[in-house]
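Worksheet: the structure to be examined is printed underneath.
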Amino acid sequence: MQNDSPSPYPAPLHEEEVEGLSLESQDRLVSMEQEMRRRGLPETMIVAGLRSTAMLLLEREAADTPRIRTESVQRFLEENSGVPVARGSQEAPLRETKARNREQLHEMVQSLLSTARGAHRRHEILKARRDLMGLDQSHIRRTLGAEGAAMCGEINAWLLDAAMKLDRG
């Protein structure tokens, strides 16, 4: 840190880049800046290093704050304490991701079944058979529930039918 700088944060960083950081983290950035200057590193490298470190420290400090995940607990604490409590932001994206994954799995299995039903030539049947046998039916049942179990029944019925067609030649 330069001695003529009156600000409490590292000279190359702007105040908005370090606001929200604890004093300990700000001191860490200052000592990091001093060490980099002592080594004679270029100014652009010092600024980039301090910015990325500040972002990581902000993320770490934000992760250290406890989060309430259920809406009912959140509402109860806000109503009774009068202090806003940090909300957990992971629940909704996780739920959306799982729903999207279920939808993609459903579409993929439906597509494979449709392709298999349309297979008439030997090479088409063999390819469809290979694709359907590569599916993890326990994962399909677990993920899609009753609908997945019905799809697995269709897959197995088609595989039996395909085996008979292939045996006949």
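Some values worked out for this structure:
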quantity: Evaluation of Leu50 against (1) modelled with pLDDT of 85 or more; (2) touching a Pro at 6+ places or on another chain (Cβ under 7 Å) (one fails), failing number; calculated: (1)
quantity: Some residue of segment 69-85 being more than 27 Å from the chain's Cα centre (by Cα), at pLDDT 80 or above and of a type outside the set (Val, Ile, Thr); calculated: no
quantity: Residues (of a type in the set (Gly, Ala, Ser) and under 19 Å from Val18 (Cα atoms)) located in segment 34-50; calculated: Ala48, Gly49
quantity: Output for segment 89-118, where each listed residue is under 29 Å from Ala157 (Cβ atoms) and in contact (Cβ under 8 Å) with a residue 12 or more places away in the chain; calculated: Asn101, Arg102, Leu105, His106, Val109, Gln110, Leu112, Leu113, Thr115, Ala116, Arg117
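The values are calculated or read from the model by the stated rules, or taken from the named source; none is laboratory data. These numbers were taken from a predicted model, which means no experiment stands behind them. Reconstructed Cβ throughout: ideal geometry from the backbone, glycine too, with neighbour counts over all protein chains shown.
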